[in-house]
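Structure, as structure tokens:
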Amino acid sequence: MLYQLYETQRALMEPFSDLARFAAKSLSNPLSPAAQSPFSQRLSAGYDLMHRLGKDYEKPEFGIRTIEVAGVEVAVHERIEAAKPFCDLIRFKRLTDDTATLEKIKAQPVVLIVAPLSGHYATLLRDTVKTMLQDHKVYITDWKNARLVPLSEGEFHLDDYVNYVQEFIRHVQGKYGNCHVMSVCQPTVPVLAAVSLMAGRGEKTPLTMTMMGGPIDARKSPTAVNNLAMNKSYAWFENNVIYRVPSSFPGAGRRVYPGFLQHTGFVAMNPDHHAKSHYDYFKDLIKGDDVSTEAHRKFYDEYNAVLDMDADYYLDTIKVVFQDFSLVNGTWDVKSPSGEVERVRPSAITTTALMSVEGELDDISGSGQTRSVHDICTGVVSSEQRHFEAKGAGHYGIFSGRRWREHVYPEVRAFIKSHQLAKSEAALAAAPEVASKPRTTDLAVAPPVAKPARKSATKKPPQAK
């Protein structure tokens, strides 16, 4: 019922929002007689703010058209590589007719970025993708709004999320031989589960995993977000925040955790900050500060665009991650698409290097929550583990903005590059042996290089200065 009331209210507000936008433009147009009023600028600013507070924010686009690679501007083509009912795998293909740049692009590592499914769209990682594209081939998971997924597509659980990640890893590996995986916030848990299960079956695992600001162990330095999830019962969440999608959407009847509730929760965490931000926007409009007003619009166009999450997935996450702590307790069982149930054992990972990233001022995933991944991945030797803390960075600062670009990204890039080089050196070392053997086809592939068994290590990874 609450969802239906919200949609009714939104529909009633829409014409007033459009009218406010029209009034704002009329009062700011120098050719309009209304703009000659001494108070026209203030009135225009007020109507503009009213429009933005009342409008409906739809899914933004990534909008990455070009990127600079080694000083050369190259075109970027966004396309769907694999489509699933609840998620698309998007590839950002870089195109150039400069031969030297093309050769550099071909040699760069491929990275699968697993975006969070926690209320916002994957476009929240636009800055992450744009920065990574300078030195990497980039794929990203683009999670769909559950209210747009018909009931005929079935349910979506946390187990399905884990299975999706495995399928996407295999897809990228099938094209390039292997890849690197980066998870931001919420997906650190299912990504670790996916790689653990692959390792346990003896499958090829990614060369590296980079875990950024995620609740691997939510018991450490719990934040307001953690406390809500831990202090309320599973039944409370099921009875108070789960609603049916109204009949006006393709997913009518699906049980979801509505995006507008998640957005309300985000705003409620720091209402004074948002109120001040909107007031500053109003003042910047009056002053004619186009740079500041455009920055405000870009941020809130993204921040206010939210999606619904399937209820089963949302409730599973509450229970597994924030109440039972199943991953760190070693009690998490995941059902595969075939119906087989497998235990998640992070200690099975031995050939994937591990990096964790935390923000010093993160108020979503507290200090130590992500770093705890090193305590449970005991099969990865200490020399293959690394932790980096971004000083002065909040949650968003570790993957977006100046601190991401200037401090976090160089560390992540160096970590990925070092293991990509190690792979290349191993291939070169095997080349003479392959060349000395008779070839039966021009498509012969060098055999895999046997790696020495790794000893378990429980030491903390070296702290980046």
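The values are calculated or read from the model by the stated rules, or taken from the named source; none is laboratory data. Everything numeric here is computed off the predicted structure, so don't read it as measured data. When we count neighbours, we look across all protein chains shown, and the Cβ atoms used for this are built from the backbone with ideal geometry, even at glycine.
Observations, loosely collected:
- Only one of ASP135, ASP160 that is touching a residue at least 60 places away in the same chain (Cβ under 8 Å), surrounded by fewer than 24 Cβ atoms within 10 Å (Cβ to Cβ), touching a helix residue (DSSP H, G or I) at 6+ places or on another chain (Cβ under 9 Å) and within 30 Å of VAL267 (Cβ to Cβ): ASP160
- Filtering segment 53-69 to residues that are farther than 24 Å from PHE249 by Cβ and either in contact (Cβ under 8 Å) with a residue 40 or more places away in the chain or assigned to a loop (DSSP other than H, G, I, E, B) (or both) leaves GLY63, ILE64, ARG65, ILE67, GLU68, VAL69.
- Some residue of segment 181-195 being buried (at least 24 other Cβ atoms within 10 Å of the Cβ), in a helix (DSSP H, G or I) and not aliphatic (A, V, I, L, M): yes
- Looking across GLY174, GLY154, one residue alone is in the same structural domain as SER347 (by TED's automatic domain parsing), at positive phi and of a type in the set (Gly, Ala, Ser). It is GLY154.
- Taking each residue of segment 277-298 that is small (Gly, Ala, Ser) and looking for partners that are modelled with pLDDT of 90 or more with beta-carbon atoms closer than 7 Å, six or more apart or interchain, yields SER277/HIS296; SER292/ASP284.
- The set of residues in segment 196-227 that are more than 22 Å from the chain's Cα centre (by Cα), part of a helix (DSSP H, G or I) and of a type outside the set (Gly, Ala, Ser) contains only ASN227.
- The set of residues from segment 95-143 being in a helix (DSSP H, G or I), at pLDDT 95 or above and hydroxyl-bearing (Ser, Thr, Tyr) comprises THR123, THR128, THR131.
- The number of residues in segment 171-180 being assigned to a helix (DSSP H, G or I) and not basic (Lys, Arg) comes to 5.
- Tally, over segment 342-367, of residues that are buried (at least 16 other Cβ atoms within 10 Å of the Cβ) and modelled with pLDDT under 95: 4
- Residue match in segment 34-41 (condition: aromatic (Phe, Trp, Tyr) and at pLDDT below 95): yes
- Matching residues in segment 18-51 - criterion: being buried (at least 17 other Cβ atoms within 10 Å of the Cβ) and under 20 Å from SER277 (Cβ atoms): ALA20, ARG21, ALA24, SER44, ALA45, GLY46, TYR47, ASP48, LEU49, MET50, HIS51
- Scanning segment 288-341 for residues being assigned to a loop (DSSP other than H, G, I, E, B) and surrounded by 15 or more Cβ atoms within 10 Å (Cβ to Cβ) gives a total of 7.
- Restricting TYR396, TYR409, TYR303 to residues that are free of Cβ contacts under 8 Å to residues at least 12 places away in the same chain and aromatic (Phe, Trp, Tyr) narrows the list to TYR396.
- Of the set (1) assigned to a loop (DSSP other than H, G, I, E, B); (2) crowded, with 22+ Cβ neighbours inside 10 Å, all apply to GLU155 but (2).
- Set VAL165, VAL138: member being under 20 Å from ILE67 (Cα atoms) and not hydroxyl-bearing (Ser, Thr, Tyr): VAL138
- On the stretch given as segment 48-66, residues that are at negative phi and in contact with a Ser or Thr (Cβ under 9 Å, 6 or more places away or on another chain) total 12.
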